[in-house]
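*Asks:* First the structure, then my questions, so here it is.
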Amino acid sequence: MGGSCPLRGCCMMSIAELRDRQSMSLEFKIRYSTLKIQEWYEHFNGQVCVSKSGLDSVVLLDLVRSVYPDVPAVFVDTGQENATVVDHNKSVPNCIFIKPKKNFYDVVQTHGYPVISKLVSRYLSDLQNPNDRNHVTRKLRLTGIRGDGTRGNSVMMLPQIYRYLINSGYRFSDICCKILKKKPLMQFQKEFKLYPYIGTMAVDSQVRELSYLKSGCNAFDACSPCSTPISIWTRQDILEYASAKSLPYPACYGSIISCPAGLKTTGEQSTGCEACLFGIRQDPLRIERIKTWSPARYNFFMDSLNYRSLVPLLISPQMDLFGGAL
Ligand code: SF4
């Protein structure tokens, strides 16, 4: 493997080290990410690709192609992406479109809804699907006590504020991303022997932060090896880079403008699948906004996916079925 990253040995780092890197200048992060990109490329002899979706991956693709202009991009068209994201990726040179075998409706019907966050959905799924093999896991999700009687990390428990969802009449699961995005990408990777760069950041979610702390940017030894070279970037870094380089990006974001907190987009702040209910508490009007540009899709969500009752259930204060008002 080539490269002489001064930050080699970053795996299994502490949260303080991550915060330190996240606070570095954009110039530092560009150098850091470029070294990670080179490490990955050299390790796999150039058999790599960039997973494309919204603005974060626009920046990632620019970083990768600044060093290796011929690296292909791959876009997983889940059928749930904003139309302007699809259009943008059609305009990206050398961008291959792939599709999952199932659609969002099938996934929800079979496994349940992705809501709040991956961890919350996974823990709800554990608790809603009791069987002989998962009683230790269920106890951990409710009490934080492991099978050996020791107390686990609080992150292993379902927070009290979401426990009313266990018996809400809806089924939840975190498997959707695996079926609609990861599986098609893995099959593509297997068929064409290309190892992906993915534009995720530790600031995106607890799962991504833990993943970075565990493996660093380049997960060479993971069962599905992948590189996340912009893991230490923040949302502001993405906007600053895209703005400084005048990169084309999907129209749904609007323009990048200055505000008291730094930079922001005048349209969507982030994109992903339109029907996704991850992060709904942080942006409770996200599904409502779809009505303005895609009324047919909005009506489908409201009526066929039962969002008319599910979304209010997720965003309003509820009673904790394990005891008292929250
Ligand atoms: S982002 Fe949400 S809707 Fe899209 S694949 Fe992942 S879980 Fe499913």
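*Asks:* Taking a threshold of 20 Å on the Cα-Cα distance, which of the pairs Lys36/Lys178; Lys139/Lys214; Lys118/Lys193; Lys101/Lys182; Lys181/Lys214 fall above it?
*Replies:* Details: Lys36/Lys178 25 Å; Lys139/Lys214 25 Å; Lys118/Lys193 28 Å; Lys101/Lys182 12 Å; Lys181/Lys214 22 Å.
Distance filter (> 20 Å) returns Lys36/Lys178; Lys139/Lys214; Lys118/Lys193; Lys181/Lys214.
*Asks:* If you don't mind, another one. Can you pull the Rg over Rh of the chain, Cα-only, Kirkwood?
*Replies:* Details: Rg = 20.4 Å, Rh = 21.2 Å.
With Rh from the inverse mean 1/r over Cα pairs, Rg/Rh is 0.96.
*Asks:* Loop-only trypsin sites (Lys or Arg not before Pro) in segment 208-269, please: DSSP not H, G, I, E or B, and at most 16 other Cβ atoms within 10 Å. Don't jump to the answer; show the numbers that get you there.
*Replies:* On the way: sites: Arg208, Lys214, Arg235, Lys245, Lys264; in loops: Lys245.
The qualifying sites are Lys245.
*Asks:* Hey, another quick one. How many angstrom lie between the Cα centre of segment 17-83 and the Cα centre of segment 145-218?
*Replies:* 20
*Asks:* So what's the back-of-envelope 222 nm ellipticity for the chain, counting only DSSP H runs of four-plus at -39500 (n - 2.57) apiece and dividing by all residues, rounded to 500? Numbers along the way, then the final one.
*Replies:* Numbers: 13 runs with 128 residues, N = 326.
Rounded to the nearest 500, the figure is -11500 deg cm²/dmol.
*Asks:* Evaluated at 4 °C with a viscosity of 1.567 mPa s, what Stokes-Einstein diffusion coefficient in µm²/s does segment 115-165 have when Rh comes from the Kirkwood expression over alpha-carbon pairs? Please report the intermediate quantities before stating the final value.
*Replies:* Numbers: Rh = 11.0 Å.
Stokes-Einstein gives a translational diffusion coefficient of 118 µm²/s.
*Asks:* Right, another one. Taking the number of other C-beta atoms within 10 Å as the exposure measure, put Val155, Val107 in order starting with the fewest. Intermediate results must be reported in sequence, preceding the final value.
*Replies:* Values: Val155 11, Val107 22.
Lowest to highest Cβ neighbour count: Val155, Val107.
*Asks:* Roughly how many debye, to the nearest 20, is the charge dipole of segment 162-217 about its Cα centre, given +1 on each Lys and Arg Cβ, -1 on each Asp and Glu Cβ, and no other charges?
*Replies:* Numbers: 10 positive and 4 negative charges, 42 e Å.
Roughly 200 debye, rounded to the nearest 20.
Computed from the coordinates by the stated procedures, all read-outs in this text should not be read as laboratory data. Since this is a predicted model, take the numbers as computed values, not measurements. Ideal geometry is used to build each Cβ from the backbone, glycine not excepted, and the neighbour counts take in all protein chains shown.
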